[in-house]
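The structure appears right after this line, and notes come after that.
The values are calculated or read from the model by the stated rules, or taken from the named source; none is laboratory data. Just so it is clear, the model here is predicted, and its values are computed rather than measured. Don't worry about glycine lacking a Cβ; one is built from the backbone with ideal geometry, like all the others, and counts go over all protein chains shown.
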Amino acid sequence: MSTSTLLNLGQLREALQSHLQDRHILKDSHSLELLAHGEANVIFHLDADRLVRVAVNTPNQRFQGDFSRVTKFEWTILHYLKDTGLGHELLGEQLEPTEDFPYTYLVTNYITGGPMDYSRLHLQQCAATLARLHRLPLQPGYRQVQPLKPQVQQVSHPLALFFQESWDYAQPYLDFPDADSEIIQMLESVLTRAEARLAAEPLLTEYRHECLVHSDHTYENWVVNDQQAYLIDWEWAEIGSPAGDLGHFLSPVTICRRHGYQMPAEDKQFFLNAYYDALEDADLAQKIKVHYAVFGAFPALRSLCWTAGYWVTVRRWYATSVEESASAAARMERLRDSQRRFPQLWAEVMALLEEPLP
């Protein structure tokens, strides 16, 4: 299922409300409340304790434009993570579009808390959550990632894949008739520098550790409360190197999405130290340090290229929904801000790609 039509959030809410009431999932006296409109999902409060996540789009090329696959994908992951307490608990689903509601969705619990704010307390909580996620293959009952397949892609050669995806995400901007020539030069130079590091990929096999990786650490994809940090929105997840998470979490492109924030180097090291300590396994920590040195810059590269390509297509998704959704309006403003900040972000990613290899 895919679409190029603009989304009417009001009509979507009314259709979903009627659908859920007919199935006795929502009481007739209750109404849905729009919570957020992201790139992939529109999220509604079902009631005080539940959410409905409706898949309406996917910028992730791995789904080939079929955004109904997003729901099946996230369902597979939440089922795998059942009772771990790492994210939402799965309460219901529609995995195929129906005649009365031509979208797919998940029903989950509602997690109390707020977005991650990059304070040291939040950094420590996020580090502990990622360490628990990355240790799962060493825990009883989670040694095999087989239940995640084939929905979740296993990435055995992440440098090569991320490099190719970076080219693909940059391509809409590189082909854009009104593209800024300086931005084009930046994209081409950062890709050239990344290409020079591809020869280090065999080290990931030599120090092998694969696990479920979330891969999308925008601050809004964390819900943090007094007890812990939870991961939500698994659309970009894969089976692969845990450095994919560390690299995306610490990517300047990711961090900048929170009101233009720039994380001090001391806080980045604080996060890494907290993460390695939370693994509680010196051998595993050493393996992941190698992974991070080899692969850690590539999530930032992909995010940088994705950002440039996204400028070309974003208005198709949000232009008419800005007045209906504060979330959509905020994303539009954030993307405009990313255009202003792009040269600085490019310079930071170039510096990451100069870090020494093991």
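Among residues of the stretch 256-310 being outside any helix (DSSP H, G or I) and of a type in the set (A, V, I, L, M), the one that is surrounded by the most Cβ atoms within 10 Å (Cβ to Cβ) is ALA297. Taking the conditions (1) surrounded by 19 or more Cβ atoms within 10 Å (Cβ to Cβ); (2) modelled with pLDDT of 95 or more in turn, ARG50 satisfies each one other than (1).
From the list TRP346, TRP311, the lone residue that is at pLDDT 95 or above and among the aromatic types (Phe, Trp, Tyr) is TRP346. Among the residues of the stretch 133-152, those identified as surrounded by fewer than 18 Cβ atoms within 10 Å (Cβ to Cβ) and in a helix (DSSP H, G or I) are LEU136, PRO137, LEU138, GLN146, PRO147.
Rundown of residues vs (1) among the aromatic types (Phe, Trp, Tyr); (2) under 20 Å from ARG340 (Cβ atoms); (3) over 25 Å from the mean Cα position of the chain (by Cα), yes/no style:
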{"site": "SER156", "(1), (2), (3)": "no, no, no"}
{"site": "SER166", "(1), (2), (3)": "no, no, no"}
{"site": "ASP175", "(1), (2), (3)": "no, no, yes"}
{"site": "GLN185", "(1), (2), (3)": "no, yes, yes"}
{"site": "LEU191", "(1), (2), (3)": "no, no, no"}
{"site": "ALA196", "(1), (2), (3)": "no, no, yes"}
{"site": "GLU201", "(1), (2), (3)": "no, no, no"}
{"site": "LEU204", "(1), (2), (3)": "no, no, no"}
{"site": "GLU210", "(1), (2), (3)": "no, no, no"}
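Just one of (1) farther than 30 Å from GLN164 by Cβ; (2) within 17 Å of the chain's Cα centre (by Cα); (3) surrounded by fewer than 13 Cβ atoms within 10 Å (Cβ to Cβ) fails for ASP28. It is (2).
GLU96: buried (at least 19 other Cβ atoms within 10 Å of the Cβ), more than 20 Å from ALA243 (Cα to Cα) and not assigned by TED's automatic domain parsing to the domain that holds TRP311, yes or no? Judged against the criteria, GLU96 is not a match.
Contact map, the stretch 28-53: first residue of a type in the set (D, E, K, R), second residue at pLDDT below 85 and not in a strand (DSSP E or B), Cβ cut-off under 6 Å, separation 6 or more or different chains; pairs are GLU39/PRO59.
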